[in-house]
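A.B. asks: Have a look at the structure that comes next, please.
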Amino acid sequence: MKNPFRSEAEAYRFVLGTVAYFVAIVIADVVGGRWWGLGVFVVLSVFVLWRFFRREAREQPPATAPRPREADDERRILVVANETVAGRKLREAIQAAAADQRANVLVVSPALNSPLRHWVSDEDQARAAAEERLQRSVAELERLGISARGEVGDADPVQAIEDALRTFGPDEIIISTHPEGRSNWLERGVVTSARERFAVPVTHVVVDLQAE
């Protein structure tokens, strides 16, 4: 049976939303009577359905197979990074992974968003910031002679990796995070989850932007 929740955080938001949904209806019924309660029920139900179908439409994976390799010596590297995407240590790790092979790099930067904006499906600002980070990172890799392209991924980095695996087929995954104590991804166990979930070698790179 498929788990409808992609993460514990999403399941937690669902529980809180369900409680708030019923509490709002009960309060409206007590304060304004049966018709107020019915009105709040209809409005909230329409909002929930709108948000659900909007999310489903946005999250449908591309109906394409992994692209064929351009050469036998091509090495595909999937890079997943947040604010650290332009870090020097990450670039060095990508160069080391490419070695003397013909590297094909896909850089995925999740759209980092606040809980409130994520709850109301307002991701425009988060996606714009991720696009800007990607452009800088891809431009730097191209300058180093590494073939690269960028994509904005799901806010959940593990889900972003899963989405990329459907179409890219990497030989290695590089996950870049802030140092321990400043990294939300490390607190959530993103690197550990990726290593347990995907049958692809996962390299963890710590980028200290303050030090750089």
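A.B. asks: Using a 10 Å cut-off on Cβ atoms, rank the peptides 99-106, 179-186, 146-153, 168-175 from the highest mean neighbour count down.
C.D. replies: Those peptides, ordered most packed to least, come out 168-175, 146-153, 99-106, 179-186.
A.B. asks: Still on this structure: Could you list which residues have their amide H under 5 Å from that of residue 203, counting only those 5 or more apart in sequence or on another chain, with H placed in the peptide plane?
C.D. replies: Close amide H contacts, sequence-distant or interchain: 173, 174, 175.
A.B. asks: A further question on this structure: Would you kindly state how much longer the chain becomes between residue 89 and residue 159 on full extension, computed as 0.36 nm times their sequence separation minus their alpha carbon distance, in nm to one decimal?
C.D. replies: 22.8 nm
A.B. asks: Just order 76-87, 31-42 by mean Cβ neighbour count inside 10 Å, highest at the front, would you?
C.D. replies: The densest-packed peptide leads the list: 76-87, 31-42.
A.B. asks: Could you list which residues have their amide H under 5 Å from that of residue 107, counting only those 5 or more apart in sequence or on another chain, with H placed in the peptide plane?
C.D. replies: Amide H neighbours of residue 107, under 5 Å, 5+ apart: 79, 149, 150, 151.
A.B. asks: If each residue of separation counts as 0.36 nm, what is the full-extension length gain between residue 101 and residue 198 once their alpha-carbon separation is subtracted?
C.D. replies: 32.6 nm
A.B. asks: Quick check for you: with a 1.4 Å probe and neighbouring chains kept, what is the accessible area per residue of region 159-212, in Å²?
C.D. replies: Ligands and nucleic acids excluded, the figure is 49 Å² per residue.
A.B. asks: Pop out the ³J(HN,Hα) list for region 185-192 in order, Karplus 6.51 cos²θ - 1.76 cosθ + 1.60 with θ = phi - 60°, rounded to Hz; leave Gly and Pro as x.
C.D. replies: 5, 5, 4, 8, x, 4, 5, 4
The values are calculated or read from the model by the stated rules, or taken from the named source; none is laboratory data. All values derive from a computational prediction rather than experimental measurement. Backbone-built Cβ (ideal geometry, glycine too); neighbour counts: all protein chains shown. Remember, those area values only see protein heavy atoms, side chains included, never the ligands or the DNA or RNA. Shrake-Rupley method; radii C 1.70, N 1.55, O 1.52, S 1.80 Å.
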